[in-house]
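Only one structure is covered here, and it is reproduced in the block below.
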Amino acid sequence: MPPSSSTLTGNVPANDAAPSPDDATSAHAASAANSADTAKIAAAEAAQAKTARSALILVLLATCALAMKGLLAKFVYATGMTVDGLLLLRFLIAMPFFWFGVWMFGKNRPGERAMRPADMIWGGAFGGLFFAASLCDFTAVSIIDVTVSRIVLFSFPAIVMILEAVHRWRLPPPRQIICFLITYCGLILVVAPNGVSLVSDHVWQGVFWAFSSALTYACYLYFSQRKINVIGSMHFSALINTVAGIAMVLYELVVEKPLHLNLAGVLWTTGISIFCTVIPFFLLFEGIRRIGATQASLISLSGPALTFFAAWLLLGETLSPTQMAGFVVVIVGVASLKNKMTLAGLGRLLARPFQGPAA
């Protein structure tokens, strides 16, 4: 049969244009590969959402426990024990529990590894910062109301933001600067509800110690992130608390301040050491390892509110209407540091870990 004109011109008839079996197989393989990639992406998003949910729970539990620390310290001081006595016992009691936790749970745990000499050097620096933050914190609580001291200490997320800007050699966005200013305007309302000139030297002294604690704690929290990721949260918690305990012993040997130890004070301090130090530290630093210090700082928004409620219920502490307004301004300012809209952003921040991969 002679060839058709279509064949001579190179045109393929319609019935010859049907895909070959090899083409169909390639298309099926490409479709399967795309489905596999989609499944991997969905699995990765699901794992990320699960990690965020667990991190939120860890940080919230740690925040609840840490919120009670200053409150219980008031009961310790009521027994006659001093700040030095409380801190010395707190570190010495907590130290073996931290290492027990490492021995029990940190051996084969993902992200944990044995410490090296270089880790000890960094641990000394971070442990020193933590010791300074603790000393300033408990000194502030011994001078002013625990509610006011907690609100001042709560400004540390704003300081973390400034540290991040300085560390990366770039100015914060204008919105964050505005939020920073709002936060500290709220602090002024809390500290000086009737005017700055009417604040007593006694209150200023307590505020100084509380802000010093916020500053040193922010430095410690921000710069320790990398080391937490390197050696693991459990090893890091044990290391810095051990260094802080050694620093406290050396500090006491130098200053030789009275401790005024007594049974009731020792029992209260034991509760602080275990339930407000060891357990929340493991929870907090594991949360930081998963989501970072900045995000963990924002999740801890509930801390001052919990302290305020507990101090009102157990100690009878109250805030004036002006101080309450300042309290709200501080929370809004801190909540806005990482969100474009204050209330809506706060809602998204707290709801995001509970959303699925498709959210």
Of the residues in region 264-302 that are within 27 Å of the chain's Cα centre (by Cα) and open to solvent by 60 Å² or more (accessible area, probe 1.4 Å), the one that is modelled with the highest pLDDT is Trp268
All conditions in (1) modelled with pLDDT of 80 or more; (2) not in a helix (DSSP H, G or I) are true of Pro110 except (1)
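Please verify whether region 62-85 includes one or more residues that are polar (S, T, N, Q), modelled with pLDDT of 90 or more and either within 30 Å of Phe327 (Cβ to Cβ) or crowded, with 18+ Cβ neighbours inside 10 Å (or both). Before you say what the answer is, go through the steps one by one.
Initial filter on region 62-85 (polar (S, T, N, Q)): 63, 79, 82.
Imposing the further condition that a residue be modelled with pLDDT of 90 or more reduces the set to 79, 82.
Narrowing the set further to residues that are either within 30 Å of Phe327 (Cβ to Cβ) or crowded, with 18+ Cβ neighbours inside 10 Å (or both) leaves 79, 82.
Scanning region 62-85 turns up at least one residue that is polar (S, T, N, Q), modelled with pLDDT of 90 or more and either within 30 Å of Phe327 (Cβ to Cβ) or crowded, with 18+ Cβ neighbours inside 10 Å (or both).
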All conditions in (1) within 21 Å of the chain's Cα centre (by Cα); (2) open to solvent by less than 30 Å² (accessible area, probe 1.4 Å); (3) closer than 27 Å to Arg290 by Cβ are true of Trp122 except (2)
Residues of region 247-258 being among the hydrophobic types (A, V, I, L, M, F, W, C) and surrounded by 16 or more Cβ atoms within 10 Å (Cβ to Cβ), in sequence order, are Ala247, Met248
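Under the condition of being of a type in the set (A, V, I, L, M) and assigned to a loop (DSSP other than H, G, I, E, B), which residue from region 229-283 is farthest from Ala133 (Cα to Cα)?
Let us first name the residues in region 229-283 that are of a type in the set (A, V, I, L, M), namely 230-231, 234, 238-240, 243-244, 246-250, 253-255, 259, 261, 263-264, 266-267, 272, 274, 278-279, 283.
Retained after the next criterion (residues that are assigned to a loop (DSSP other than H, G, I, E, B)): 259, 261.
Numbers: Leu259: 19, Leu261: 22 Å.
If we take residues in region 229-283 being of a type in the set (A, V, I, L, M) and assigned to a loop (DSSP other than H, G, I, E, B), then Leu261 is farthest from Ala133 (Cα to Cα).
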Every listed condition ((1) open to solvent by 90 Å² or more (accessible area, probe 1.4 Å); (2) out of contact with any Gly (no Cβ under 7 Å at 6 or more places or on another chain); (3) among the aliphatic types (A, V, I, L, M)) holds for Leu261 save (2)
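Which is closer than 23 Å to Arg289 by Cβ, open to solvent by less than 10 Å² (accessible area, probe 1.4 Å) and touching a residue at least 40 places away in the same chain (Cβ under 8 Å), of Gly127, Gly186? Walk me through it before giving the result.
Values: Gly186 fails: closer than 23 Å to Arg289 by Cβ.
Answer to the selection: Gly127.
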Picking from Ser213, Ser224, the residue that is open to solvent by less than 20 Å² (accessible area, probe 1.4 Å), hydroxyl-bearing (Ser, Thr, Tyr) and modelled with pLDDT of 85 or more would be Ser213
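The values are calculated or read from the model by the stated rules, or taken from the named source; none is laboratory data. The shown structure was predicted, so the numbers you read here are calculated from the model rather than taken from an experiment. FYI the Cβ positions are ideal-geometry reconstructions off the backbone, even for glycines, and counts take in every protein chain you see. Calculation scope for accessible area: heavy atoms of the full protein, side chains included, ligands and nucleic acids excluded. Shrake-Rupley method; radii C 1.70, N 1.55, O 1.52, S 1.80 Å.
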